[in-house]
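Working notes, beginning with the structure itself.
A short reminder: the numbers here are calculations on the coordinates, not readings from a lab. Quantities reported herein were computed from a predicted structural model and do not represent experimental measurements. So basically every Cβ, Gly included, is an ideal-geometry build from the backbone, and we count neighbours across all protein chains shown.
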Amino acid sequence: MSTIKKIEVEIFNKNPLAQIIVTIETDEGEIGVGEAWWGIPNSKNPGSTSIPIASVIDNLITPHLIGKDNSTIEKHWFDILEYGYRYGDQGIFSMGLSGVDLALWDLLGKQLEVPVVELLGGAIHESLPAYASLPPLRDPDLVVNEVQRAIDSGFSAVKLHEIDPMYIDLLHNSFGESLEIMVDVNGHFSLLEAVAFGEKISNRNIVWYEEPVRPMRDHKAIKKVAMQTGLPIAAGENEYTLNDFKQILESESLTYLQPEITKIGGLTSAKKITSLIEVYNIALCPHNFRSGPSLNASLHWAFSSSNSKWIEIPWIQGEFSGSYDLPPLSKGKVFLPKGNGLGL
């Protein structure tokens, strides 16, 4: 195989929905593209919160890969993780590793002229159910309009990022029982508040209640919310290591597991998490709120797992900073993008 000649990191920041895109080039001129987690949005200075993560790639990871065989992805993953362990196995180091790892998988797929899903053992699904994931809007008319736009585009399930139960009642009254609703409060509530909110929405057509409590990784509190509200719980986007996922699955607090591929260390880590998902027999619903390399990588992973249940499709007005298209969608289903590698 070829050797890695250059790794470039670019922060796309034309709006607050920034993206960190990683490009790996070989000595043969071959290109692989990946994506790291983008950071907490900053509307006043878009892309500024991406800088620490990009720096990890530039200054800590890249020097260990230049001149190396690009095809030995598993070796690179272990070597980089071992080198960077004292920086922590969670947080921005793992986010940076994710971006590089995804680029390596994209590159290898292009070299072998196959989609990445073939490198993961092949696709199990022809399509998967998809839901339109709205950003926090905090405006009743805007929420109804965006949900209607999603329904008109074929979706029958949506996710709200709202913290007032009024919005769930609004959708129920506007669209009826045929609309399935996911509710993500991003750990906004204390335990008592999370239970109270959950009880208020529990008589609606709720698919799941996502990250209901702060801290978002308080597994015992999450389980209490599930038991006291009777709602299915989704979480996992803020877990990082294999042991993190083992612990949250052992807590028996979740119905849906949502790893974030730009945080966990990429597809190399995702392969390992797949085994845990099968052991604990839980539904895989990859978390993602960008179009482009991260969403495509999540799709290739999900399509290779028998436990996959839902795919998150970010549903915004306008586009993300990287200007990537959404994958093929039809009648509430998502299909794998065509093409080799990640299909970008």
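FRET efficiency for the residue 141 to residue 227 pair, using the beta carbon distance and R₀ = 35 Å, is estimated at 0.45.
For n ≥ 4 DSSP H runs only, could you compute -39500 (n - 2.57) per run for the chain, divide by its residues and tell me the 222 nm figure to the nearest 500?
Working: 11 runs with 121 residues, N = 344.
Helices in the chain give a 222 nm mean residue ellipticity of -10500 deg cm²/dmol.
Taken one residue at a time, the phi angles of segment 99-109 give Karplus couplings (6.51, -1.76, 1.60, θ = phi - 60°) of x, 5, 4, 4, 5, 5, 5, 4, 4, 5, x Hz. Gly and Pro are set to x.
Of the residues 7, 40, 107, the one whose Cα sits farthest towards the positive end of the charge dipole of segment 4-113 is 40 (charges of +1 on Lys and Arg Cβ, -1 on Asp and Glu Cβ, taken about the Cα centre).
Rank by packing, highest mean first: peptides 30-42, 74-86, with packing defined as the count of other Cβ atoms within 10 Å averaged across residues. All intermediate terms of the calculation are to be shown ahead of the outcome.
Values: 30-42: 22.3, 74-86: 14.4.
Going by the mean number of other Cβ atoms within 10 Å, highest first, we get 30-42, 74-86.
Here segment 127-197 is treated with +1 on each Lys and Arg Cβ and -1 on each Asp and Glu Cβ, and its dipole about the Cα centre works out to around 180 debye. Dividing the mean sequence gap of close Cα pairs (under 8 Å, 6+ apart) by how many residues the chain holds gives a relative contact order of 20 percent. With each label modelled as a point 7 angstrom along the Cα→C-beta vector, the residue 152-residue 28 pair spans 4.8 nm.
For the pair residue 112 and residue 75, the difference between a 0.36 nm per residue extended length and the Cα-Cα distance amounts to 11.5 nm. Within the same chain, lysines fewer than 8 places from residue 338 are excluded, and of the rest, those with a Cα less than 16 Å from its Cα are 110. The Cα-based radius of gyration of segment 1-137, divided by its Kirkwood radius, gives an Rg/Rh of 1.00. What is the distance in Å between the Cα centroid of segment 39-75 and that of segment 162-181? A separation of 39 Å, based on Cα centres. Measuring r between the beta carbons of residue 202 and residue 85 and using R0 = 45 Å, the FRET efficiency lands at 0.60.
Compute the FRET efficiency between residue 5 and residue 280 as 1/(1 + (r/R0)^6), taking r as their Cβ-Cβ distance and R0 = 56 Å, and round to the nearest 0.05. Let's see the in-between values first.
Working: r = 41 Å, r/R0 = 0.74.
For R0 = 56 Å, the calculated efficiency reads 0.85.
Relative protection proxy for 107-117, 164-174, from highest mean packing down: 107-117, 164-174 (other beta-carbon atoms within 10 angstrom).
Of the residues 215, 31, 332, the one whose Cα sits farthest toward the positive end of the charge dipole of the chain, with +1 on the Cβ of Lys and Arg and -1 on the Cβ of Asp and Glu, is 215. Once label points are set 7 Å from the Cα along Cα→Cβ at both residue 164 and residue 58, what is their separation, rounded to one decimal in nm? Placing both labels 7 Å along Cα→Cβ, they lie 4.2 nm apart. Quick one: go through segment 89-119 and flag any residue whose amide nitrogen is under 15 Å from the point 7 Å out along the Cα-to-Cβ line of residue 40. It comes to 91-92, nothing else.
Averaged over residues, the count of other Cβ atoms within 10 Å places the peptides 292-303, 268-279 in the sequence 292-303, 268-279, highest first.
Around residue 137, under 15 Å between beta carbons, what's the net of Lys plus Arg minus Asp minus Glu among the other residues? Don't skip to the answer; put the middle values down first.
Details: positive: 138, 149, 159; negative: 139, 141, 146, 162, 164, 184.
Surrounding charge for residue 137 is -3.
Charges only on Cβ, +1 for Lys and Arg, -1 for Asp and Glu: so what's the dipole of the chain about the Cα centre, in debye to the nearest 20? Walk me through the intermediate numbers first.
On the way: 27 positive and 43 negative charges, 68 e Å.
Here the size comes out at about 320 debye.
Seen against the Cα atoms of the chain and their longest principal axis, helix 166-175 is set at about 80 degrees.
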